[in-house]
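Working notes, structure below.
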Amino acid sequence: MNEFLVIAGLSGAGRSTAAAALEDLGWEVIDNLPPRLIPELTGSAERLALVVGRSLDQAEVQGIELALQQLRSSGATVQVLFLDAADDVLVRRYEGTRRRHPVQGEEGVVGSIASERELLASIKAQADVVVDTTELNVHQLRERLVRTFGRDDPTGNMRTAVVSFGYTHGIPLDVDLVFDCRFLPNPYWDDELRPFTGRDEQVKEFVLGQPETAAFLDKLDDLFGLLLPAYVKEGKSYLTIAVGCTGGRHRSVVLAQELADRLAAQGFSPTVHHRDIER
């Protein structure tokens with residue numbers, strides 16, 4: 001069964017921010033689809049968020065109301081999110097962007113906001129969730145939407161990745177956190193282990209058997225327990241963690257996989273990439 005979330009509201013109240021947040025939460029987002037086409041989306045995706053009212057007039061409002069009626073009669077789950085804000089805040093936001101207001105009204109932006117508010121009154125009356133963004137910044141708005149529409153996902157749908165690398169070949173530039181594991185004994189200096197990589201059991205046993213390794217991983221567990229929920233709360237969509245050793249073939253490979261397993265235990269689904277394992 002389809003789940004529809006229709007995003008409506010005053011221009012400048014945060015529809016674009018809401019659309020981006022919902023996309024990060026796993027919703028398929030469609031912006032400014034003509035209302036007459038909305039009922040045709042039933043069956044196309046499990047969770048659809050539809051941004052409406054970009055170009056607004058009375059006919060558009062009537063079309064939105066009819067589309068809502070048709071969606072509900074189809075048996076789909078339908079919610080309406082309405083974003084509002086105080087007039088003076090909307091005026092300041094429009095003055096900051098220097099864009100023309102999409103609804104033409106008398107007395108400039110103030111009149112346009114009043115006209116748009118009047119047009120949208122019937123849509124707001126149908127809203128399941130009304131969010132006043134007057135006092136919210138983009139991060140606070142996103143946090144509110146995650147709480148409301150995120151299905152209690154502790155990860156906030158933040159995509160995580162773990163990369164192993166060798167300092168000899170340079171630090172990756174596109175990562176958020178870098179950890180250096182060169183303090184651990186290096187399997188490279190063991191003639192029997194040198195030909196293998198961190199994917200092989202002999203090397204894994206050697207690296208994980210060091211007393212410093214367990215202490216290091218436990219400290220990182222504590223650190224991630226603090227950082228990851230904070231990143232989710234701040235609306236971070238992607239987090240890449242890099243672990244480096246000298247050549248990128250032994251210690252960092254083992255620890256990258258271990259860190260990925262620990263992230264998975266916290267509810268995340270990290271990807272793992274060993275950048276320099278074949279060098």
Inset, instruction - Could you tell me which helices of the chain pass both thresholds, a Cα extent of 18 Å or more along their own axis and a mean Kyte-Doolittle hydropathy of at least -1.0, with helices taken as whole DSSP H runs? - result: 58-73, 211-233, 251-265
Inset, instruction - Among the trypsin sites (Lys or Arg not before Pro) in the stretch 6-112, which ones are in a DSSP loop with at most 15 other Cβ atoms within 10 Å of the Cβ? Mind listing them? - result: ARG54, ARG98, ARG99, ARG100
Inset, instruction - Could you state the accessible area per residue of the chain in Å², with a 1.4 Å probe and every protein chain left in place? - result: 51
Inset, instruction - Per residue of the stretch 179-187, in order, report the coupling 6.51 cos²θ - 1.76 cosθ + 1.60 (Karplus, θ = phi - 60°) as ³J(HN,Hα) in whole Hz, putting x for Gly and Pro. - result: 10, 9, 10, 6, 6, 7, x, 9, x
Inset, instruction - Amide H neighbours of ARG159 under 5 Å, at least 5 residues apart or on other chains, H built in the peptide plane: list them. - result: TYR238, LEU239
Inset, instruction - Run the numbers on the chain and let me know its relative contact order in percent, using alpha-carbon pairs under 8 Å that are six or more apart. - result: 21
Legend entry - Solvent accessible area, Å² - HIS250, 1.4 Å probe, full protein context: 10
Legend entry - Ranking by accessible area, most exposed first, for GLU3, GLU192 with a 1.4 Å probe: GLU192, GLU3
Inset, instruction - Report, ordered by chain and residue number, the lysines lying within cross-link reach of LYS236, taken as a straight Cα distance under 20 Å and ignoring same-chain residues fewer than 8 apart. - result: none
Legend entry - Charge sum, other residues only, whose C-beta stays under 9 Å from VAL131's C-beta, Lys/Arg counted +1 and Asp/Glu -1: -1
Inset, instruction - Please find, in a Gaussian network model of the chain (springs between Cα atoms separated by less than 10 Å), the residue of LEU136, LEU177, LEU50 whose mean-square fluctuation is greatest. - result: LEU177
Inset, instruction - Just the number, please: carbon plus sulfur as a percent of the accessible area of the stretch 45-176, 1.4 Å probe, no ligands or DNA/RNA counted. - result: 47
Inset, instruction - Would you please give the residues with an amide H less than 5 Å from that of ALA49, counting only those at least 5 places away or on a separate chain, with H modeled from the backbone geometry? - result: LEU5, GLU28, VAL29, ILE30
Inset, instruction - Quick one: among SER237, SER74, SER16, which has the greatest mean-square fluctuation in a GNM of the chain with alpha-carbon springs under 10 angstrom? - result: SER74
Inset, instruction - Tell me which residues come under 5 Å, amide H to amide H, from SER164 once H is placed; ignore anything under 5 positions away on its chain. - result: VAL243, HIS273, HIS274, ARG275
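The values are calculated or read from the model by the stated rules, or taken from the named source; none is laboratory data. Here the structure is a predicted model, which means the values were calculated and not measured. Methodologically, a virtual Cβ is constructed for each residue, glycine included, from the backbone with ideal geometry; neighbour enumeration extends over all protein chains shown. With ligands, DNA and RNA removed, areas are computed over all heavy atoms of the protein, side chains included. Shrake-Rupley method; radii C 1.70, N 1.55, O 1.52, S 1.80 Å.
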